[in-house]
Amino acid sequence: MSQEFFSEIPKPKEFEVLTKRIQQFCEKHADTPRIVLVTSGGTTVPLEKNTVRFIDNFSIGTRGSSSCEYFLSQPCTAVVFLHRVNSLRPFTRHFTNTNFFELLVPGDDGQIMVSQEHFPKVKKNLERWSLCQKDGSLLEVPFTSLSDYLWMLRVCCEAFKPLGSKVIIYLAAAVSDFYIPNYEMAEHKLQSSEGAPDIQLKMVPKMLKPLVRDWVPDAFVASFKLETDDEILIKKAKKALEIYHHELVIANLLQTRKERVVFVSNDAEEIIQVSQEEREAGTEIEAKIVDRLIALHQSFVEK
Ligand code: 9Z3
């Protein structure tokens, strides 16, 4: 089924280049004790092949980019960060609400310096980012559309397969459930003069199935379940575990996703939360999520 589906969706423009980079990253990290794939941000569903309009969702990649940082702060860990273009990225995410020029001050001798106010934060994040560049522990892979995302997800997983149980797949991206197949998509911009388009969306097959069963059968797979209705959240998380047989579903509500998640596994339901005071003191829920996940992965590997 998934094979057939892939033949209906276009490959990303830079497919070969990105695939090579991912394969080289995996070769380089063949002996690194822990390898993580973090997916982040929302996927677009284009309405035209020469895309002017597309369907999108709310996700800006806070969960993915911050989790990525916390994974990288663990010892002996390398991360592939599969992210939506222009969504939040590790280390630079701390500056997205700051006007770029406010970070800088012109010096007397024509030099440009970082403002005193922002200096500690810039220094800290620049140092952490530079370290990742130097030791090659972070590979950032961009996507925009649903089809880009699915192709690159499969490539990443297939490259990770030989690395076995030391792999963590952390699926935080908000992925569309609907798409327009290539053969039904207009070539050029839809014309308003022709009236409102009658577009029939199709269901995207659930990729978690081939992912868990075929692409990375030995990896620790953590998917996220997002709902807006508290009544059905845990039920649906359990259902996902039953169907896909992976290790963990992290259940979150749109409205409270920054304060509370529930780790749903075969033998437990565990609430992870940050209090108002903790948040005000700068604790992010992703720090706790990643800490707990690392512990679960450790016992998974030992088993
Ligand atoms: C999540 O549930 C993430 O936690 C969020 C993070 C997308 C809510 P932000 O980017 O948001 O920090 O603003 N991701 C998974 C969402 C999803 O598409 N899950 C599918 C589902 O619920 C299953 S894989 O059916």
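For this structure, a couple of remarks:
- Pairs, first under 14 Å from G41 (Cβ atoms) and touching a residue at least 24 places away in the same chain (Cβ under 8 Å) in the range 60-88, second part of a helix (DSSP H, G or I) and among the aliphatic types (A, V, I, L, M), C-beta under 6 Å, six or more apart: S67/V290; L82/M152
- Yes/no for L139 being of a type in the set (A, V, I, L, M) and not in a strand (DSSP E or B): no
- All positions within the range 88-123 that are assigned to a strand (DSSP E or B) and of a type in the set (A, V, I, L, M, F, W, C): L104, V105, I112, M113, V114
- Residue within the range 72-92 that is modelled with pLDDT of 95 or more, farther than 26 Å from Q24 by Cβ, within 16 Å of the ligand (Cβ to nearest atom) and out of contact with any Pro (no Cβ under 9 Å at 6 or more places or on another chain) present: no
- Some residue of the range 221-229 being touching a residue at least 12 places away in the same chain (Cβ under 8 Å), hydrophobic (A, V, I, L, M, F, W, C), away from the ligand (no atom under 16 Å from the Cβ) and crowded, with 19+ Cβ neighbours inside 10 Å: no
- Filtered residues of the range 185-209 (kept if closer than 23 Å to E4 by Cβ, surrounded by fewer than 19 Cβ atoms within 10 Å (Cβ to Cβ) and out of contact with any strand residue (DSSP E or B) (no Cβ under 8 Å at 6 or more places or on another chain)): I199, Q200, P205, K206, K209
- Filter result (of a type in the set (A, V, I, L, M), surrounded by fewer than 21 Cβ atoms within 10 Å (Cβ to Cβ) and touching a helix residue (DSSP H, G or I) at 6+ places or on another chain (Cβ under 8 Å)) within the range 88-111: L103
- Test: residue in the range 231-249 that is within 11 Å of the ligand (Cβ to nearest atom) and touching a residue at least 40 places away in the same chain (Cβ under 8 Å): no
- Single residue of the range 263-291 satisfying the filter (under 18 Å from the mean Cα position of the chain (by Cα) and free of Cβ contacts under 8 Å to residues at least 40 places away in the same chain) that is surrounded by the most Cβ atoms within 10 Å (Cβ to Cβ): I285
- If only residues of the range 116-148 that are of a type in the set (F, W, Y) and closer than 16 Å to S65 by Cα are counted, the one that is surrounded by the fewest Cβ atoms within 10 Å (Cβ to Cβ) is W129.
- Of the residues in the range 58-65, at least one is touching a Pro at 6+ places or on another chain (Cβ under 6 Å) and either polar (S, T, N, Q) or closer than 22 Å to W215 by Cα (or both).
- Matching residues in the range 230-256 - criterion: being crowded, with 17+ Cβ neighbours inside 10 Å, within 18 Å of the chain's Cα centre (by Cα) and of a type outside the set (G, A, S): H246, E247, L248, V249, I250, N252, L253
The values are calculated or read from the model by the stated rules, or taken from the named source; none is laboratory data. Keep in mind the model is a prediction, meaning the values are calculated, not measured. A quick note on method: Cβ atoms are made from the backbone with ideal geometry, for glycine too, and the neighbour counts reach across all protein chains shown.
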